[in-house]
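Here the structure is laid out as structure tokens; the discussion comes afterwards.
The values are calculated or read from the model by the stated rules, or taken from the named source; none is laboratory data. No experiment lies behind these values; they were computed from the predicted model shown. Cβ placement follows ideal geometry from the backbone for every residue including glycine, while neighbour counts extend to all protein chains displayed. For accessibility, only protein heavy atoms count, side chains too; no ligands or nucleic acids. Shrake-Rupley method; radii C 1.70, N 1.55, O 1.52, S 1.80 Å.
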Amino acid sequence: MSTIRTVKVDGEARYDISIGPNLLGDSALFAHALRGRHALIVSDDNVAPLYADRVEATLRAARPAMEIACFVIPAGEQEKTLARFCQALDALAALGATRDAAVIALGGGVVGDLAGFAAACWMRGIDVVQVPTTLLAMVDSSVGGKTAVDLPAGKNLVGSFHAPRAVIADTTSLRTLPERELRAGLAEVVKYGAIFDAEFLTWLETQAQALLTGDDAALSEAIARSCHYKAEVVTRDPYEHGERALLNFGHTFGHAIEAEQGYSGSGRDAMNHGEAVAVGMVMAARLSAALGRAPSSDTQRLQALLQRLGLPTVVPAGLDPEALLARMRLDKKADAAGLRFVLWERAGQAKVVSGVPDGRVLDVLRGR
Ligand code: NAD
Ligand code: GLY
């Protein structure tokens, strides 16, 4: 029996998300995703030493005549920059990549976003195969085609939509993932339950321990269900004209925290993306309750689950609420009419709400 689970993304861009053990060595799966003679593996200096050789060997087995190069960036959110993006384009130029070339994004969301953006721009768009190696990238960033780099002014401010040709998620690669990064990915998993399906939250409550200890069956189920929710949304709304915005639950607060901390990522004193989203989801739930839109018992439930998963749920000490609010105004989720938030009406049912008064947001940030 095949252990590969396949989730299909439909609509304008059609591709498969393949989830299973040992897929980095599956040459048939990679062969199916390749069209031309050139492949650039983009990775970071934690992931490349672990997995780049294996992926290169698999590509060679899939296409013996393939010209393959590897471009490796230092790990971390602070490297998701225009400067690294330009270097990725230089690597494509050095490879002589033609329009049928493929970028293989091997790593977490930082690599996926940067490599995807380089693929989107090289010769006005070549294939990218997303090969996520973090839980967060498997359940979120590798799916749906959002690509970007950060500017000092804000997160993901330069980018484009560029759907992958395939997503290949090798669950075995999660065994080397630091525990903190596993927990960060669980924040995005919780997000799907929070916005779409309260029953999934109940399942996560029962599976918290199994997920934290890296249980293969629990993780595979969480990844497949998360990809299923995301695939449904991006199939219907690939360019975020409507319901896709719900996936940003917790992100307006979370991005502001990340930007205020200078994108120091998994540095000891700074939050990574998943941690910031965990805090942001609790802030969004509290804002919903403060506006009389949702019961506070649901906030407590969300907070308890995130805490069980070892995730932070309060704004880090020392961050100025006014400065966070200023960051939110520059977020892509703000518009000319003011701040927009994804709020919830109850667990499992989210909604975009415009015109939220600044004072209410500040109260929540101040813990009132
Ligand atoms: P990341 O890419 O920084 O990876 C986290 C850390 O884990 C890094 O140090 C990395 O080197 C290491 N790592 C990755 N895989 C490993 C493995 N298998 N074994 C050992 N170490 C490994 O962070 P992330 O949490 O994967 O992604 C966060 C980024 O994703 C942010 O930039 C965020 O904006 C972006 N994102 C994008 C989307 C989207 O739709 N495009 C959605 C969510 C998040
Ligand atoms: N992570 C939000 C989105 O893909 O739309």
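Here are the numbers for this structure:
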read-out	value
Test: residue in the range 45-64 that is over 22 Å from V139 (Cβ atoms), open to solvent by less than 30 Å² (accessible area, probe 1.4 Å), among the aromatic types (F, W, Y) and in a helix (DSSP H, G or I)	no
Filtered residue count, the range 303-326, keeping only those that are under 27 Å from G154 (Cα atoms) and crowded, with 22+ Cβ neighbours inside 10 Å	3
Some residue of the range 180-200 being free of Cβ contacts under 8 Å to residues at least 24 places away in the same chain and not aromatic (F, W, Y)	no
Leading residue by the ranking (nearest to ligand 1 (Cβ to nearest atom)) among those in the range 96-124 that are outside any helix (DSSP H, G or I) and out of contact with any Ser or Thr (no Cβ under 9 Å at 6 or more places or on another chain)	V103
Restricting the range 226-248 to residues that are outside any helix (DSSP H, G or I) and either in contact with a Leu (Cβ under 8 Å, 6 or more places away or on another chain) or charged (D, E, K, R) (or both), the residue that is farthest from ligand 1 (Cβ to nearest atom)	D237
Pair list, Cβ under 9 Å, 6 or more apart: the range 140-157 residue more than 17 Å from H251 (Cα to Cα) and near ligand 2 (Cβ under 10 Å from one of its atoms), other residue part of a strand (DSSP E or B) and open to solvent by 30 Å² or more (accessible area, probe 1.4 Å)	G145/S160; G145/F161
Residues located in the range 165-199, provided they are closer than 15 Å to A231 by Cα and among the aliphatic types (A, V, I, L, M)	A166, V167, I168, A169, V189, I195
Unique match (being surrounded by fewer than 20 Cβ atoms within 10 Å (Cβ to Cβ), basic (K, R) and within 25 Å of H251 (Cα to Cα)) among R175, R180	R180
Scope the range 70-85; condition more than 22 Å from the chain's Cα centre (by Cα) and assigned to a helix (DSSP H, G or I); matching residues	none
Test: residue in the range 255-275 that is assigned to a loop (DSSP other than H, G, I, E, B), open to solvent by 30 Å² or more (accessible area, probe 1.4 Å) and in contact with a helix residue (DSSP H, G or I) (Cβ under 7 Å, 6 or more places away or on another chain)	yes
Criterion (hydrophobic (A, V, I, L, M, F, W, C), at negative phi and under 13 Å from the mean Cα position of the chain (by Cα)) met by exactly one of L114, L106	L114
Of the criteria (1) β-branched (V, I, T); (2) closer than 24 Å to T213 by Cβ; (3) within 16 Å of ligand 2 (Cβ to nearest atom), which one T133 fails	(3)
Number of the condition not met by E77 [criteria: (1) at pLDDT 95 or above; (2) surrounded by 21 or more Cβ atoms within 10 Å (Cβ to Cβ)]	(1)
Unmet criterion (only one of (1) of a type outside the set (F, W, Y); (2) open to solvent by less than 10 Å² (accessible area, probe 1.4 Å); (3) within 27 Å of A119 (Cα to Cα)) for L151	(2)
Pick from the range 158-172, criterion away from ligand 2 (no atom under 14 Å from the Cβ) and either within 17 Å of A13 (Cα to Cα) or modelled with pLDDT under 95 (or both), ranking: surrounded by the most Cβ atoms within 10 Å (Cβ to Cβ)	I168
Single match in V111, V143, V103 (criterion: in contact with a strand residue (DSSP E or B) (Cβ under 7 Å, 6 or more places away or on another chain), more than 17 Å from C70 (Cα to Cα) and either at pLDDT 95 or above or open to solvent by 10 Å² or more (accessible area, probe 1.4 Å) (or both))	V143
Residue under evaluation A289, criteria (1) out of contact with any Lys or Arg (no Cβ under 7 Å at 6 or more places or on another chain); (2) open to solvent by 50 Å² or more (accessible area, probe 1.4 Å), criterion not met	(2)
Some residue of the range 211-225 being surrounded by fewer than 24 Cβ atoms within 10 Å (Cβ to Cβ), in contact (Cβ under 8 Å) with a residue 12 or more places away in the chain, within 12 Å of ligand 1 (Cβ to nearest atom) and not in a loop (DSSP other than H, G, I, E, B)	no
Filter result (assigned to a strand (DSSP E or B) and among the hydroxyl-bearing types (S, T, Y)) within the range 17-39	S18
